[in-house]
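*Asks:* One structure, as structure tokens, below. Some questions next.
The values are calculated or read from the model by the stated rules, or taken from the named source; none is laboratory data. Model, not experiment: these values are computed from the prediction. Note that we place each Cβ from the backbone using ideal geometry, even for glycine, and neighbour counts take in every protein chain shown. Note: accessible area is taken over every heavy atom of the protein model, side chains too, but ligands, DNA and RNA are not part of it. Shrake-Rupley method; radii C 1.70, N 1.55, O 1.52, S 1.80 Å.
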There are 2 protein chains.
Amino acid sequence: MLTLRPAVPVDVPVILALIRALATYEKEPHKVVATEASLLRDGFGDRPLFQVTMAEVEGHPVGFAFWFLTYSTWRGQATLFLEDLFVIPEARGTGVGKALMQFLARTALQQGCGRLMWNVLDWNQPSIDFYQSLGAQVLREWLTVRLDGEALQRLAGKG
Amino acid sequence: MLTLRPAVPVDVPVILALIRALATYEKEPHKVVATEASLLRDGFGDRPLFQVTMAEVEGHPVGFAFWFLTYSTWRGQATLFLEDLFVIPEARGTGVGKALMQFLARTALQQGCGRLMWNVLDWNQPSIDFYQSLGAQVLREWLTVRLDGEALQRLAGKG
């Protein structure tokens, strides 16, 4: 039977393994530099920067949702932002992803959020189809911009 | 002379006016349902959901940056996410936008963030050019997905 529960510190090694599995699915496994120490520090201290919801079947992890609150200036209301959603290959097609999305929708409403938002890769049609089946809209005119590495140091005047 | 400072509660009417001005520039003025009360509640209480940096010339507001921290699972590190950046038309081309971006880059590094991220509309070429001149990358393969309104209620089982 599927159960969902909030992650606790002892889950961190499994969370990191799921983050790596998702990055591999997204064809960028080498991009994961997160460590168990960084996830413990940032997610399980006094001011957690994120929340993790674990999905388990008979106590075995089958997936997770990694999320936090952002903010919509237009709505004047928090947004629940889903950073990572992953279901292990063996458990796909059994409703785990939908159960996680339903949980997030309920959590969003409970926390006073007006929206769920997330990103998806443009070639990931199975996920796009799944999200659209839930009523989500792909906002194709909004592009994502990133500044990091040497460009960030340089802009800060430290390059 | 340009000065940057953190917003305080008395700035909320100006912040809301700048949010509306940006929404008008983005051709969606009717989408702003935020109120002074919602911004006061969410940004200036015990657990602020966002930060606002005001840009002023001789004490008059000329722009703002509206931002918060998100999280990168790949980096295992916070990200400084820029929700809104706006400079009033009369002050454009005078370095206000760049000064705000430099401030955000320094703030990101001080707060242990590995990245600045934000969204831009695909037709907003002047902004895209400006961001690229700072060293930012447009990540065209990442699409933004949103679930709200009746679809959110339905997924939560309340529709």
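*Asks:* Determine the distance separating the Cα centre of the stretch A:79-94 from the Cα centre of the stretch B:64-129; give it in Å without decimals.
*Replies:* 29 Å
*Asks:* Mind jotting down the distance between the C-alpha centroids of the stretch B:130-159 and the stretch A:1-53, whole Å?
*Replies:* Comparing the Cα centres of the stretch A:1-53 and the stretch B:130-159, I get a distance of 21 Å.
*Asks:* Turning to a different aspect of this structure: Run the helix sum for chain A: -39,500 (n - 2.57) per DSSP H stretch of 4+ residues, divided by residue count, reported at 222 nm to the nearest 500 deg cm²/dmol.
*Replies:* The per-residue figure over chain A is -10000 deg cm²/dmol.
*Asks:* I've got another one for you. Please sort through the DSSP H helices of chain A and keep those with an alpha-carbon extent of at least 15 Å along the long axis and a Kyte-Doolittle average not below 1.0.
*Replies:* Taking the DSSP H segments of chain A (at least 15 Å long, mean hydropathy at least 1.0), we get A:12-25.
*Asks:* Looking only at other chains, what is the average number of their beta-carbon atoms within 10 angstrom of each beta-carbon in A:26-34?
*Replies:* 3
*Asks:* What is chain B's relative contact order, in percent, from Cα pairs under 8 angstrom and six or more apart in sequence?
*Replies:* Once divided by the residue count of chain B, the mean separation gives 17 percent.
*Asks:* Once neighbouring chains are kept in place and the probe is 1.4 Å, which whole percent of the accessible area of chain A is contributed by carbon and sulfur?
*Replies:* Whole-percent figure for carbon plus sulfur exposure: 53.
*Asks:* Taking each residue of B:108-120 in turn, how many C-beta atoms of other protein chains fall within 10 Å of its C-beta, and what is the average? Write down the numbers at each step before the final one.
*Replies:* On the way: counts 5, 6, 1, 0, 4, 2, 4, 5, 8, 5, 5, 7, 5.
What the average comes to for B:108-120 is 4.
*Asks:* Tell me the Kirkwood hydrodynamic radius of chain B in angstroms, computed as one over the mean inverse distance between distinct C-alpha pairs.
*Replies:* 17.2 Å
*Asks:* Using 1/(1 + (r/R0)^6) with R0 = 22 angstrom and r between the beta carbons of A:PHE130 and A:VAL57, what's the FRET efficiency to the nearest 0.05?
*Replies:* That pair, A:PHE130 with A:VAL57, gives E of 0.70.
*Asks:* Which of the peptides B:28-40, A:71-83, A:47-59 is most tightly packed, and how do the rest follow, going by the mean number of other Cβ atoms within 10 Å of each residue?
*Replies:* A:71-83, A:47-59, B:28-40
*Asks:* Now for a different question. Based on the Kirkwood radius over alpha-carbon pairs, what is the Stokes-Einstein translational diffusion coefficient of the protein assembly as shown at 4 °C with 1.567 mPa s viscosity, in µm²/s? Could you put the intermediate results ahead of the total?
*Replies:* Numbers: Rh = 20.5 Å.
After rounding, the answer is 63 µm²/s.
*Asks:* Can I ask one more? Put the label 7 Å from Cα along Cα→Cβ for B:LEU139; what are its distances to the other copies, in nanometres, shortest first?
*Replies:* Result, one decimal in nm: 1.5.
*Asks:* For A:LYS98, list the lysines whose Cα falls under 16 Å from its own Cα; do not include residues on the same chain fewer than 8 positions away.
*Replies:* B:LYS158
*Asks:* Can I ask one more? Per residue of B:132-138, how many C-beta atoms from partner chains lie within 10 Å of its own C-beta, taken as a mean?
*Replies:* 5
*Asks:* Counting only Cα atoms, I'd like the Rg/Rh figure for the stretch B:56-95, Kirkwood definition for Rh.
*Replies:* Working: Rg = 14.5 Å, Rh = 12.1 Å.
For the stretch B:56-95, the value is 1.20.
*Asks:* Does the stretch A:27-118 come out rounded, prolate or oblate, given a ≥ b ≥ c as the square roots of the eigenvalues of its C-alpha gyration tensor, rounded meaning a/c under 1.5 and, failing that, prolate meaning a/b above b/c?
*Replies:* It comes out oblate by the Cα gyration axes.
*Asks:* For the stretch A:67-159, just run the numbers: alpha carbon Rg, then divide by 2.2 N^0.38 Å, N being how many residues it has.
*Replies:* With N residues counted in the stretch A:67-159, Rg over 2.2 N^0.38 Å equals 1.33.
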